[in-house]
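Have a look at the structure below before the remarks.
Readers should treat all values here as calculations from the given coordinates under stated rules, not as data from a laboratory. Please read all numbers here as calculations on a predicted model, not as lab measurements. Heads up, the Cβs are rebuilt from the backbone with ideal geometry, glycines too, and the neighbour counts pull from every protein chain shown.
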Amino acid sequence: MCGVFGWMVKQAHCPGRNTLVKLTDMMSHRGPDSSGYVLHTTHDNDYSIGFGHRRLSLIDLSRLGHQPMWSADKTSCIIFNGEIYNYLELRTELEALGEKFVTSSMADKRKELGEVRKTVSSFSLVSRP
């Protein structure tokens, strides 16, 4: 399984991007295929939110499955780790409803829907609204 890392700390105590990268990369054995990082400050500038992801590519082997993933409008971000066992059935159902997928990754639509429904799964999910 992939590796995920995150923090939410007071902005005054934010260790910074270099620390975020180092801590995430300590999980390289969990995801040797790629890594991604996001560091943001809350709207009120009080907190720093950092996400890190180490990718183990199993379903979508392309670069399109890289995480963190952003929503189409760039207002939310997601890192995802786990397995949605009924992924193909859910994808078929969503496509029939007109949903478009950019990747064949299980995380693709999680970033857009913002909810977990009808999943038979085992996973962790971190998002930034």
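Condition first: within 30 Å of His43 (Cβ to Cβ) and among the β-branched types (Val, Ile, Thr). Can you find one or more residues in the range 80-101 that meet it? There is no residue in the range 80-101 that is within 30 Å of His43 (Cβ to Cβ) and among the β-branched types (Val, Ile, Thr).
Only one of (1) farther than 22 Å from Tyr87 by Cβ; (2) in a helix (DSSP H, G or I) fails for Val38. Which number is that? Single failed check for Val38: (2).
Picking from residues in the range 77-99 that are out of contact with any His (no Cβ under 6 Å at 6 or more places or on another chain) and assigned to a strand (DSSP E or B), the one that is surrounded by the fewest Cβ atoms within 10 Å (Cβ to Cβ) is Glu83. Filtered by the rule that a residue be in contact with a Ser or Thr (Cβ under 6 Å, 6 or more places away or on another chain) and under 24 Å from Val9 (Cβ atoms), the range 49-75 gives Gly52, Arg54. Residues in the range 12-40 that are surrounded by 13 or more Cβ atoms within 10 Å (Cβ to Cβ), more than 19 Å from Trp70 (Cβ to Cβ) and among the polar types (S, T, N, Q): Thr19 only. Considering only residues in the range 51-76 that are touching a Phe, Trp or Tyr at 6+ places or on another chain (Cβ under 9 Å) and not in a strand (DSSP E or B), the one that is surrounded by the fewest Cβ atoms within 10 Å (Cβ to Cβ) turns out to be Ile59. Only one of the listed residues (Arg55, Arg17) is without any contact (Cβ under 8 Å) to a residue 60 or more places away in the chain and in contact with a helix residue (DSSP H, G or I) (Cβ under 8 Å, 6 or more places away or on another chain). That residue is Arg55.
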